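Below: one structure, written as structure tokens.
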Amino acid sequence: MERYNLIVVGAGPAGLSAAIEAAKHGMTVTVFDENARPGGQLFKQIHKFFGSKEHKAKIRGFNIGEELLKEAADAGVTVKLNATVVGIFENKEVTVNHDGAIHHYKADSVIIATGAAENMVPFEGWTLPGVIGAGAAQTLMNLHGIKPGKKILMLGSGNVGLVVSFQLLQAGCEVVALVDAAPRIGGYGVHAAKVARTGVPFYLGYTIKKVEGTDRVEGVVIGKVDEKFKIIPGTEIHFDADTVCVAVGLSPMSQLLKMTGCKMEDNPRRGGQVPLVDEFGETSVPCLFAAGDVSGIEEASSAMIKGRMAGLRAAYRLGFTEESAMNESEEKYAKDLDSLRQGMFAPKNRGKIIEKTDEGIPVSENLLTHGFVRDDEIVRFPGVTSQKKIHPVIECTQNIPCNPCQDACKKHCIKIGSCITALPSVAENAECTGCGMCVASCSGQAIFLVQEDFEPGFATVTLPYEFLPLPQKGDRGTALSRSGNPLCGAEIVSVRTSPAFDHTSLLTMKVPNCFAMTARFFRADQNGGAL
């Protein structure tokens, strides 16, 4: 029987982070993962992360995964793949199925970081081929380069549903609708806004009545729900679709923790059946820890910090680090975690209706119910200013933990302050150079550069663009509004790419001056739009 100081179950962001932290303090660490490659969900996440520099903000998920794998290798962590942990016992003996046999391992400490599984909801036709989880769609697209379908309906408006909807568009799929039985969008408004301005319609307060087809999905019927979430007769809407993506939440995969006999609770705010843990992730069983989504559903940035805290505490519990050094590191990790848990989407606010931002500004109801901020609402937010010379327009309207735009601007045009959930504002006397770093660094694609006096009668709008084929200078098309509706003809006057932009291109389109503050997306037209 092989013995280790620490066994980690799960090679996702939390598990790898825990293993790295423990190994850095001299522990012998092995990680078991049932998948063929490590990294968990990170390698499916092609979008840029939120947070600050300390939280790997504006770095894409798969790049964070590569960083963690290198860090783990450098720290001497052993990662065993295609290895399914099938049992764990009170004496910290772990049984693992790999290489065609059951193997037994013994550890002084164990960290469970098995993550979460996608939820599913039953409706007529939900077992037809073509009804898949949003995470499965991500796997097909981002790991295997396969389109999940051509015409797709998304069920669920949390961050997963919103992010995957955008990635489906990037893969060349048509998202026919984004549907949610809840009356308000559950994810970040910036995620919803970037989907809405491409023209995808939102149906809040609707759910799927049935999926049509015999041996595959051929259509979807949705209907409006009443206060008991029952479909109201006569409200049905039909969509032609060949795929339905379901993004209705996650449930912690806590089965192994139940086997250990540690104390558990059914906590809807944490995602379901979760272990009772202290602030370091330690369960009621000494030296048994839970980290990441298995202990409560949060973002990957939080999972990585919780993993670090569990690995550090395991090292201390086994005498691999002194209390003073541990306290110093834990204080930093706790501060970082607390900053990510502030703002409108803080765990303490789950289920609450937030009517005003932390600054006292009324929240956009249209954003919550239709996916975009109305023109008359957007002007009340501090990042939205109008001036003739080139300047940033920051359409960030919710208190979310993110501040890379502040660091990206070398001229200090953008201010957020020490609290990373504060709404960004534009400094009054700062001189914008038009470099575009703020546009490229924004994880929510919510920053635009506007020059209202580009030439007589015309303005330019520089926007983030992550679609292929990339338009070229001189191309003509249609400028779309925040709602995705056509506004006017538009001409591309500049296309900028740079390694510093990390695969976000900067598209500058010329539009009539009156649309400078409303044109927010470019759609190429076969015949070109008239200016």
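So here's what we get for this one:
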quantity: Stokes-Einstein D for segment 194-346, Kirkwood Rh over Cα pairs, 25 °C, 0.890 mPa s (µm²/s); calculated: 128
quantity: Percent antiparallel among DSSP beta bridges (both partners in the chain, rounded to 5); calculated: 65
quantity: Table column - 3J(HN,Hα) (Hz), segment 359-366, Karplus curve with 6.51, -1.76, 1.60, x for Gly and Pro; calculated: 8, x, 8, x, 5, 6, 5, 5
quantity: Over segment 57-127, relative contact order from alpha-carbon pairs under 8 Å, at least 6 apart, %; calculated: 16
quantity: In segment 359-421, trypsin sites (Lys or Arg not before Pro) in a DSSP loop with at most 16 other beta-carbon atoms within 10 Å; calculated: ARG374, ARG380, LYS388, LYS389, LYS410, LYS411
quantity: Residue (of GLY100, LEU68, LEU81) at the positive-pole extreme of segment 66-144, dipole from beta-carbon charges; calculated: GLY100
quantity: The chain - percent relative contact order, Cα under 8 Å, separation 6 or more; calculated: 13
quantity: Solvent-accessible area per residue for the chain (1.4 angstrom probe, square angstrom); calculated: 42
quantity: Where Cα atoms sit under 22 Å apart: lysine pairs in segment 183-305 separated by 8 or more or lying on different chains; calculated: 6
quantity: For the chain, with +1 on Lys and Arg beta carbons and -1 on Asp and Glu, the positive-most of GLN167, PRO471, ALA303 along the dipole; calculated: PRO471
quantity: Distant-in-sequence amide H partners of ASN119 (H built 1.01 Å from N, under 5 Å); calculated: VAL248, GLY249, LEU250, SER251
quantity: Distant-in-sequence amide H partners of ARG60 (H built 1.01 Å from N, under 5 Å); calculated: PHE49
quantity: Given charges at beta-carbon only (K, R positive; D, E negative), |dipole| of segment 292-371 in Debye; calculated: 240
quantity: Dimensions (Å) - segment 469-523, Cα atoms, principal axes, largest first; calculated: 33, 22, 20
quantity: For segment 389-403, Karplus couplings with θ = phi - 60° (6.51, -1.76, 1.60), whole Hz, Gly/Pro x; calculated: 6, 4, 7, x, 10, 10, 9, 9, 10, 10, 7, 10, x, 6, 8
quantity: Given 12 as the ceiling on other Cβ atoms within 10 Å, longest exposed-site-free region of the chain for GluC sites (Glu not before Pro) in DSSP loops; calculated: 91-226
quantity: Positive-pole candidate from THR433, GLY444, THR462, dipole of segment 401-487, charges at beta carbon; calculated: GLY444
quantity: Loop-located trypsin sites (Lys or Arg not before Pro) in segment 429-531 whose Cβ has at most 12 other Cβ within 10 Å (DSSP); calculated: LYS473
quantity: Prolate/oblate/rounded call for segment 420-469, Cα gyration tensor, a/c under 1.5 rounded; calculated: oblate
quantity: Evaluated over segment 270-362, the Cα radius of gyration and Dmax, each in Å; calculated: 15.4, 52
quantity: Residues with amide H under 5 Å from that of GLY219, placed H, sequence gap 5 or more; calculated: GLU212, ALA241
quantity: Positive minus negative residues near ALA516 (Lys, Arg vs Asp, Glu; Cβ under 15 Å); calculated: -1
quantity: Convex hull volume per residue for segment 346-385, taking Cα atoms only, in Å³; calculated: 86
quantity: Nearest-20 debye value, segment 293-425 charge dipole, Cβ charges on Lys, Arg, Asp, Glu; calculated: 300
quantity: Listed residues ILE378, ILE46 arranged by accessible area, highest first, probe 1.4 Å; calculated: ILE46, ILE378
quantity: Relative contact order (percent, whole number), segment 103-189, Cα cutoff 8 Å, 6+ residue spacing; calculated: 24
quantity: 3J(HN,Hα) from dihedral phi, segment 36-49, Karplus parametrisation 6.51/-1.76/1.60, rounded to Hz, x for glycine, proline; calculated: 7, 9, x, x, x, 6, 4, 6, 8, 9, 8, 7, 7, 6
quantity: Kirkwood hydrodynamic radius (C-alpha pairs) into Stokes-Einstein, the chain, 37 °C and 0.692 mPa s, D in µm²/s; calculated: 134
quantity: Global size of segment 129-183 as Cα Rg and Dmax, reported in angstrom; calculated: 10.4, 35
quantity: Size of electric dipole in the chain: Cβ of Lys, Arg +1 and of Asp, Glu -1, about Cα centre, debye, nearest 20; calculated: 600
quantity: Translational D in µm²/s for segment 179-278 (Stokes-Einstein at 25 °C, 0.890 mPa s, Kirkwood Rh from C-alpha pairs); calculated: 148
quantity: Approximate shape of segment 34-166 as ellipsoid semi-axes (Cα gyration tensor, √5λ), whole Å, largest first; calculated: 31, 22, 14
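The values are calculated or read from the model by the stated rules, or taken from the named source; none is laboratory data. Model, not experiment: these values are computed from the prediction. Here the Cβ is made from the backbone with ideal geometry for all residues, glycine too, and neighbour counts use every protein chain on show. Keep in mind that these areas ignore ligands, DNA and RNA; they rest on the heavy atoms of the full protein, side chains included. Shrake-Rupley method; radii C 1.70, N 1.55, O 1.52, S 1.80 Å.
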